[in-house]
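The values are calculated or read from the model by the stated rules, or taken from the named source; none is laboratory data. Every value quoted in this text rests on a predicted model; they were computed, and no experiment measured them. So basically every Cβ, Gly included, is an ideal-geometry build from the backbone, and we count neighbours across all protein chains shown.
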Amino acid sequence: MIYVVGMSHSIALVNAVAAGDSGVSQYNYTLQSATSFQPVPIKPGMLPGDEMAALVLSGQGWQPLATMNDAGSATRYVQGHPEFTAALDALRPLQENSCILSFVDGNSHSALSALQHPVPYDFVLPGHEDWGMQPGFQPLPPGLIRRHILPYQLNTIAALALMRIALPQARIIHVLPPPPSHAERFLISPEAFGDRVSQFGITPILVRRKYHVMANRIIQQETQSFGIELLEAPRACYDTDGTLLTQYVEGATHGNTAYGALVAEQIRNLF
């Protein structure tokens with residue numbers, strides 16, 4: 001049995017595999033209020049086992065799903081939201097034959113990098129030094145950027161830790177978010193950025209791409225001991241400049257149903 005849990009990034013997959021109208025979209029997901037995993041009939045062959053239940057999170061008011069003390073502390077303590085913890089606990093009797101697909105959070109890189117800073121800056125991304133720097137931008141050390149992103153990733157890390165604690169025998173796959181989209185997408189559908197897009201402008205893709213990689217790298221580094229799998233965005237979704245190809249974009253920062261179908265294919269290949 002596949003159990004999907006997450007916020008807005010889960011919608012692409014849910015709608016790609018659903019047999020009929022799933023009832024959730026990028027335009028109404030904030031109204032979702034289910035407190036347990038709900039069965040979703042799916043098209044045959046789209047996911048292993050042809051069975052899925054989903055818990056799309058937003059309107060429940062459970063944020064943060066979990067909290068964790070500072071990552072630099074010698075001992076980490078995780079505290080989950082009581083109702084989120086209860087939703088996971090309900091899966092305990094089923095966990096041996098279950099796979100949890102996590103889409104929790106995922107937009108921190110966009111929230112932190114989409115709008116152009118009044119003093120434009122860039123950094124050299126370790127491992128991708130060949131990407132260079134945006135001409136004329138103030139150079140900053142990559143360690144500073146990591147410290148900028150880390151606090152916004154801690155709740156994601158805590159939620160994943162809570163899933164593993166609650167469901168020690170389940171297979172858990174955390175699906176990392178799609179790459180940044182072209183700047184033009186923010187003009188068409190600014191999402192939560194609203195009027196600030198015209199006020200500040202959009203950061204060049206080179207910088208946003210580095211934030212995306214750094215944010216994912218933090219999740220990878222901080223969850224190595226959790227016994228979970230990480231699934232990166234499908235290679236087929238990338239344009240030559242590292243952005244999300246237009247045919248896979250929903251809004252400004254999300255994948256659409258076609259993107260969800262690519263992710264579903266990746267998941268099938270893991271089984």
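Which of the following residues is in contact with a His (Cβ under 7 Å, 6 or more places away or on another chain), modelled with pLDDT of 95 or more and small (G, A, S): S102, S113?
S102
Mind telling me which of the residues S198, S189 ends up being surrounded by fewer than 19 Cβ atoms within 10 Å (Cβ to Cβ), without any contact (Cβ under 8 Å) to a residue 24 or more places away in the chain and farther than 30 Å from C99 by Cβ?
S198
If I go through the range 95-132 residue by residue, how many of them are in a loop (DSSP other than H, G, I, E, B) and in contact (Cβ under 8 Å) with a residue 24 or more places away in the chain?
14
Do we have any residue at all in the range 149-159 that's in contact with a helix residue (DSSP H, G or I) (Cβ under 9 Å, 6 or more places away or on another chain) and either assigned to a loop (DSSP other than H, G, I, E, B) or under 22 Å from T240 (Cα atoms) (or both)?
no
Would the range 68-84 turn up any residue that is in contact (Cβ under 8 Å) with a residue 24 or more places away in the chain and of a type in the set (S, T, Y)?
No, every residue in the range 68-84 fails to be in contact (Cβ under 8 Å) with a residue 24 or more places away in the chain and of a type in the set (S, T, Y).
With a cut-off of at least 3 residues that are under 19 Å from V249 (Cβ atoms), name the helices (runs of 4 or more DSSP H) lying wholly within the range 175-228.
Answer list for the range 175-228: 183-188, 205-222.
Listed here are the residues, each with its yes/no results for (1) more than 16 Å from I11 (Cα to Cα); (2) touching a strand residue (DSSP E or B) at 6+ places or on another chain (Cβ under 6 Å); (3) among the β-branched types (V, I, T).
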{"position": "L167", "(1), (2), (3)": "yes, no, no"}
{"position": "D195", "(1), (2), (3)": "yes, no, no"}
{"position": "Q199", "(1), (2), (3)": "yes, no, no"}
{"position": "E222", "(1), (2), (3)": "yes, no, no"}
{"position": "F226", "(1), (2), (3)": "yes, no, no"}
{"position": "E229", "(1), (2), (3)": "yes, yes, no"}
{"position": "L245", "(1), (2), (3)": "yes, no, no"}
{"position": "H254", "(1), (2), (3)": "no, no, no"}
{"position": "F271", "(1), (2), (3)": "yes, no, no"}
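I need the full set of residues from the range 239-254 which are part of a helix (DSSP H, G or I) and touching a residue at least 12 places away in the same chain (Cβ under 8 Å), in order please.
T246, Y248
Do we find a residue being surrounded by fewer than 18 Cβ atoms within 10 Å (Cβ to Cβ) and touching a residue at least 60 places away in the same chain (Cβ under 8 Å) anywhere in the range 1-14?
no
Quick one: is E96 surrounded by fewer than 13 Cβ atoms within 10 Å (Cβ to Cβ) and not hydroxyl-bearing (S, T, Y)?
The answer is yes for E96.
What tally of residues in the range 146-158 results from selecting those that are surrounded by 14 or more Cβ atoms within 10 Å (Cβ to Cβ), more than 14 Å from R217 (Cβ to Cβ) and at pLDDT below 95?
Looking only at that region, the number is 2.
Counting only residues that are of a type in the set (G, A, S) and touching a Pro at 6+ places or on another chain (Cβ under 8 Å), which one in the range 228-271 is nearest to R171 (Cα to Cα)?
It comes out as A233.
Would a scan of the range 138-145 turn up a residue that is touching a Phe, Trp or Tyr at 6+ places or on another chain (Cβ under 7 Å), touching a residue at least 40 places away in the same chain (Cβ under 8 Å), more than 25 Å from Q26 (Cβ to Cβ) and surrounded by fewer than 18 Cβ atoms within 10 Å (Cβ to Cβ)?
Checking the range 138-145: at least one residue is touching a Phe, Trp or Tyr at 6+ places or on another chain (Cβ under 7 Å), touching a residue at least 40 places away in the same chain (Cβ under 8 Å), more than 25 Å from Q26 (Cβ to Cβ) and surrounded by fewer than 18 Cβ atoms within 10 Å (Cβ to Cβ).
Count, please, the residues in the range 119-130 that happen to be over 13 Å from Y211 (Cα atoms) and surrounded by 12 or more Cβ atoms within 10 Å (Cβ to Cβ).
The total comes to 1.
For the range 15-28, name all the residues that are under 24 Å from L167 (Cβ atoms) and either aromatic (F, W, Y) or in contact (Cβ under 8 Å) with a residue 40 or more places away in the chain (or both).
Once the filter is applied, which keeps residues that are under 24 Å from L167 (Cβ atoms) and either aromatic (F, W, Y) or in contact (Cβ under 8 Å) with a residue 40 or more places away in the chain (or both), the range 15-28 yields only V17.
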